[in-house]
Amino acid sequence: MPWSEDGTVASALLTEPSRKLVPEQSTGDASRQDLVIQYECCGAQVVEACGDYDMNSIGPLADALKTATETHPKVILDASRVTFADSTFLNLVILIHQTGKLRVAAPSERVRRLCTITGVDGVLQIRETVDDAVAS
């Protein structure tokens with residue numbers, strides 16, 4: 001788990017006091033570096049995806065996004081730390097987008113390229129930062 005006893009790692013993930021990090025909702029296989037971190041920011045649920053996402057590793061992210069759409073009016077997918085994404089990831093993002101609640105924030109170069117190549121960048125609500133996504 002990336003959470004230290006003194007909270008140094010958790011506090012490093014926070015940039016504003018209005019964000020509430022929920023360490024017990026972090027999921028993933030730390031040995032593979034696939035991790036999902038969730039926190040609330042100004043009434044929106046932020047789901048931070050870290051690592052590689054394909055058919056073998058998409059489960060925790062899918063669960064987190066599904067739960068977030070059921071409990072919050074706005075869901076932000078922070079994709080800045082996604083290092084690999086394939087059609088499984090893209091399919092999940094499109095399905096969650098259909099709820100009308102999803103914004104994709106700060107996509108990594110790989111995610112941005114995947115969205116551009118497939119044309120979904122014109123469909124998804126993509127924002128440069130989490131703060132921009134929360135404000136939209």
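Here are some notes:
- Listed residue (P107, V75, L65) projecting farthest to the positive dipole end of region 50-136, Cβ model: V75
- Taken about its Cα centre, region 65-136 carries a charge dipole of roughly 100 debye when the Cβ of each Lys and Arg holds +1 and the Cβ of each Asp and Glu holds -1.
Bear in mind these aren't lab numbers, they're just calculated from the coordinates by the rules spelled out. Computed from a prediction, not measured in an experiment: that's the story for all the values here. A quick note on method: Cβ atoms are made from the backbone with ideal geometry, for glycine too, and the neighbour counts reach across all protein chains shown.
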